[in-house]
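Presented below is the structure to which this report refers.
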Amino acid sequence: MPSASVPPAPSGGDTADRGRTSSASPSTGSSSYWPVPLVRAVPLLVTAAVVTFSRDHSPFVGLVSFGVAAVVGGLLLTVGVLLRLDDRSSRTLQVVQGVTTVVAGVVALAASSAGLAFFVALVSGWALVAGALELVAGLRRRGRSPLARDWISVAVLTLALAAVFLVVPLDYAQPLGGVEQIEGELTSSTVLVGVLGAWAAVVGVFLVIAGLSLRWQTDTGRAEGPSRSSSTSSSSTSTEPTSDEGQHA
């Protein structure tokens, strides 16, 4: 009388593979997000270059530079998030951040001759709102996605920009002079526009590194996937004859 065949119990390797798959699943949605940091970096790096090579650090230059970067960067962020981010709550926060950035940029361009006080109020207010939104998005996905670290880092840098704009007095003025007897005066406008350019450079470079890191992680995961599946199938194939021999016996 033939004995009923008993399905083989899952091996330890299969269990470990399932565990690795389940633990990696929360971050798989971030693999398609890697172009978004790269496109966000473009207007920031352009702004940093314009501010660095411009001898005019007036509030007008600051508002125009910030306005162009905010409109372009906000649009790129909004479109990129809608197309590339799967998490609904994080997508909502990022879209609100992108729309807020576009609005701030339009206001800056429309009131580019408003003066230093308006420049300080607009940039610091935007930095507080945008930094807080990106910080909340990062904290929500902390431990579940590699995007959280990048969002938190950018948020801290943006909040630091707001702090500097709020700390520097509007009436700050210091003659240059020094050993080289340089003529001119270091004003709050010069300092703040320079800080805006430095912030744009740092955040832009960071976003480039973050985007490339996500891209490399995606390529590594795709390369490791087929090798793991082939090794799993070969191990299962090698165990099947053993079970068949037991049934024949």
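Compute the Cα gyration tensor for the range 71-201, then decide on rounded, prolate or oblate, letting a ≥ b ≥ c be the square roots of its eigenvalues: rounded whenever a/c is under 1.5, prolate when a/b is larger than b/c in the other cases, and oblate in all that remain. Taking the square roots of the gyration eigenvalues as a ≥ b ≥ c, the range 71-201 is prolate.
Phi angles of the range 72-82 translate, via the Karplus equation with coefficients 6.51, -1.76, 1.60 and θ = phi - 60°, into HN-Hα couplings of 5, x, x, 5, 4, 5, 4, 5, x, 5, 5 Hz per residue; Gly and Pro are given as x. Each residue of the range 109-116 was assigned a 3J(HN,Hα) from its phi angle through the Karplus expression (A = 6.51, B = -1.76, C = 1.60, θ = phi - 60°), giving 6, 6, 10, 5, 9, 6, x, 5 Hz with x at Gly and Pro. Taking 7 Å steps out from each Cα toward its Cβ at ALA132 and ARG144 produces label points 2.3 nm apart. Distance between the C-alpha centers of the range 68-101 and the range 116-136? Whole Å please. A separation of 16 Å, based on Cα centres. Close amide H partners of LEU186, meaning residues 5 or more places away or on another chain with modelled amide H under 5 Å apart, are GLN174, LEU176.
Quick note: the coordinates plus some simple rules give every number you see, no bench work behind them. What you are looking at is a predicted structure, and each value in this text was computed from that prediction instead of being measured. Neighbour counts run over all protein chains shown; Cβ positions are idealised from the backbone, glycine included.
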